[in-house]
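The next block holds one structure in the form of structure tokens; read it before the comments.
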Amino acid sequence: MGNVRESRWIHRLQSASDPDARLIAFPHAGGSASYFFPLAQALRQAGQPLALDVMAVQYPGRQERRREPCIDDLPTLADAVCREILLFADRPLILFGHSMGSWVAFEVTRRLEQKHGITPLALFASGRRAPSITRQENIHQLPDSGIVKEIALLDGTDSVLLSDPEILQMALPAIRGDYKAIETYAFHPGPRLQCPIHAVLGEADPRVSVDDARGWAKHTSGGFELSMAHGSHFYLKDQQDFLAGKIVDRLTTLSAERTRHG
């Protein structure tokens, strides 16, 4: 049977009784684990060549963890998430990060490989430039109105939230803390990942270029692929089936390799 441990950091979105692998999703800035429910549903409908647990990380400072202080330092956040993921590492792992989540997933993968000898089956890096591409950004230092403007540009938050001052005021501390984490993150060169990286980018993303996404290739010795999706930064809202198909393609390759090697 699969690992049945529970963690306030990791939400189960789809469970298999005896999983072949576990996919763990990392949310964007201000995002929560529940954002990935549609992806879990799309994966169920797509069918999977391997039995798959689908899980998502719940950062502190949102939803049921809203009373906990946000972690606004990305390496510290990666350390904490990595400790929790080790509870579920009795099965092969696939990590999927979107936007900020891509960098958190990348740093978690580094820790898994370098400190624990665990090489994930794949890292999906969605909607974020490669971590070695640096830019000066200061959204976390803007007034609330500036952060709201950025959110609206990326089209990442439901308009109901943006139009409801009370809900928005509850969400802004986590959003600001997450932006601080990514904008103060300093990439430190080190060994390339052993696992393959699959970058995914919305073709109309206003913040990430194709070259930005291709930069992920420099961070792995395990193979690289780039997929373009219709849509903007949050293409996931309308392209769950596309994304599920890319993940299933990876699982199909792994299943074929397993069969080939007996």
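Overview of results
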| quantity | calculated |
| --- | --- |
| Some residue of the stretch 208-217 being assigned to a loop (DSSP other than H, G, I, E, B), touching a Phe, Trp or Tyr at 6+ places or on another chain (Cβ under 9 Å) and among the charged types (D, E, K, R) | no |
| Residue that is surrounded by the fewest Cβ atoms within 10 Å (Cβ to Cβ), among those in the stretch 107-125 that are more than 27 Å from His233 (Cα to Cα) and not basic (Lys, Arg) | Gly117 |
| Top-ranked residue in the stretch 44-69 [being crowded, with 17+ Cβ neighbours inside 10 Å and among the charged types (D, E, K, R); ranked as farthest from Met170 (Cα to Cα)] | Asp53 |
| Residue that is farthest from Phe124 (Cα to Cα), among those in the stretch 221-246 that are assigned to a loop (DSSP other than H, G, I, E, B) and among the hydroxyl-bearing types (Ser, Thr, Tyr) | Ser232 |
| Top-ranked residue in the stretch 134-154 [being surrounded by 17 or more Cβ atoms within 10 Å (Cβ to Cβ) and touching a residue at least 40 places away in the same chain (Cβ under 8 Å); ranked as farthest from Pro191 (Cα to Cα)] | Ile151 |
| Any hit, the stretch 74-90, residues being crowded, with 21+ Cβ neighbours inside 10 Å and farther than 24 Å from Ala199 by Cβ | no |
| Ala21 vs. criteria among the hydrophobic types (A, V, I, L, M, F, W, C), modelled with pLDDT under 95 and buried (at least 24 other Cβ atoms within 10 Å of the Cβ) | no |
| Qualifying residue in the stretch 222-238 (condition: loosely packed, with under 13 Cβ neighbours inside 10 Å, at pLDDT 90 or above, farther than 24 Å from Arg44 by Cβ and over 17 Å from the mean Cα position of the chain (by Cα)) | yes |
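Residue-wise test of (1) more than 18 Å from Glu107 (Cβ to Cβ); (2) in contact with a strand residue (DSSP E or B) (Cβ under 7 Å, 6 or more places away or on another chain); (3) of a type in the set (Asp, Glu).
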position	(1), (2), (3)
Lys180	no, no, no
Tyr185	no, no, no
Gly190	no, no, no
Leu193	no, yes, no
Ile197	no, yes, no
Val200	yes, yes, no
Asp211	yes, no, yes
Lys218	no, no, no
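The values are calculated or read from the model by the stated rules, or taken from the named source; none is laboratory data. Every value quoted in this text rests on a predicted model; they were computed, and no experiment measured them. All Cβ positions, even for glycine, are placed from backbone atoms using ideal geometry, and neighbour counts span all protein chains on display.
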